[in-house]
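The values are calculated or read from the model by the stated rules, or taken from the named source; none is laboratory data. Predicted model, so just to flag it, every value in this text is computed and none were measured. Quick reminder, even Gly has a Cβ in these numbers, built from the backbone with ideal geometry, and neighbours come from all protein chains shown.
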């Protein structure tokens, strides 16, 4: 019993020391809060800029069929539409503010009613290949959708869609949840790794290593302190995602639980890397150098089942992948792999236990080396 009380006292003392030390390092605290938020906002803005093709529609015809075509384009999930006059549209595309101009001619409704050929002009600024291909695919799709609804008896071949999920999710809500995971990863790494490396730079770690306290107790105490300090960045990041970007969770309990589990894992990683690297600048560079590749590798842009087998195998070696799977389920109800929520949670718990133990072993080895 006395042995257990001693270990708890060590954990409590190390946690308090970690919190007080972090509060005195204001720059590190500020960076730990604002960097994840900036990462979330900047990547979201990047995705917003490349998600939908900005397109002007010149409505020379305002009849019911012309409005139905415009409505079909608006629901194609490929355009960011705005109505404009011919001159306004020409000025916008010349200024590079839109990608395409779609002109619905003045005799559109008359020709459609008489079943006559009608030409819808599409002027494309084909500088951006992705946007150009989106326009080339989406305009014919919109026309097909228009005819299928306006003249269902004439369109004899129609798709019969069966959705796997009860609701559609746009690319931005999907991507921002993935960005949330990497923002949490960066926040946890910085909150745990920078103080751990600072201890070695200032040689204050020797006081702990020369004490009779176990490496596991010291590691757990330092991680708990980093976890407390990481609560503010986590709240700010979640508030930004939910209130500012507008992505609301489907399961609040899962969001809280999965977020805490993700934080524990990367705080343990941060403590481990900071102990191994022993220099703040080197650790910070390593944290950013590894975060971005893991972000794009682990299914941030879409389920990794859509990727080549090698990427699927590599992605599943890292906890970021399972964290993204669980957060996507918490926010959108998606099942991005066949393991189920329980198995994914167990895998992340195994990662957490493994990294915590490994960090303790590295500290114990450092004790011997000292």
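Which residues, taken from segment 308-327, are in contact with a helix residue (DSSP H, G or I) (Cβ under 8 Å, 6 or more places away or on another chain) and at pLDDT 80 or above? Spell out how you get there, then give the answer.
Of segment 308-327, the ones in contact with a helix residue (DSSP H, G or I) (Cβ under 8 Å, 6 or more places away or on another chain) are 311-312, 314-316, 318-327.
316, 318, 319, 320, 321, 322, 323, 324, 325, 326, 327, listed by residue number.
How many of the residues in segment 333-344 are surrounded by 14 or more Cβ atoms within 10 Å (Cβ to Cβ) and either touching a helix residue (DSSP H, G or I) at 6+ places or on another chain (Cβ under 7 Å) or more than 30 Å from residue 246 (Cβ to Cβ) (or both)?
The first filter runs over segment 333-344 and keeps only residues surrounded by 14 or more Cβ atoms within 10 Å (Cβ to Cβ), leaving 333-337, 339, 341, 344.
Then keep just the ones that are either touching a helix residue (DSSP H, G or I) at 6+ places or on another chain (Cβ under 7 Å) or more than 30 Å from residue 246 (Cβ to Cβ) (or both); that gives 334-337, 341, 344.
Qualifying residue count, segment 333-344: 6.
Of the residues 61, 18, which single one is at pLDDT 70 or above, in the same structural domain as residue 145 (by TED's automatic domain parsing) and touching a helix residue (DSSP H, G or I) at 6+ places or on another chain (Cβ under 7 Å)? Step through it out loud before you land on a result.
Working: 18 fails: in the same structural domain as residue 145 (by TED's automatic domain parsing).
Selected residue: 61, the only one of 61, 18 that is at pLDDT 70 or above, in the same structural domain as residue 145 (by TED's automatic domain parsing) and touching a helix residue (DSSP H, G or I) at 6+ places or on another chain (Cβ under 7 Å).
Whether any residue in segment 132-148 is exposed (fewer than 15 other Cβ atoms within 10 Å of the Cβ), assigned by TED's automatic domain parsing to the domain that holds residue 60, part of a strand (DSSP E or B) and without any contact (Cβ under 8 Å) to a residue 40 or more places away in the chain is what I want to check.
No, segment 132-148 contains no residue that is exposed (fewer than 15 other Cβ atoms within 10 Å of the Cβ), assigned by TED's automatic domain parsing to the domain that holds residue 60, part of a strand (DSSP E or B) and without any contact (Cβ under 8 Å) to a residue 40 or more places away in the chain.
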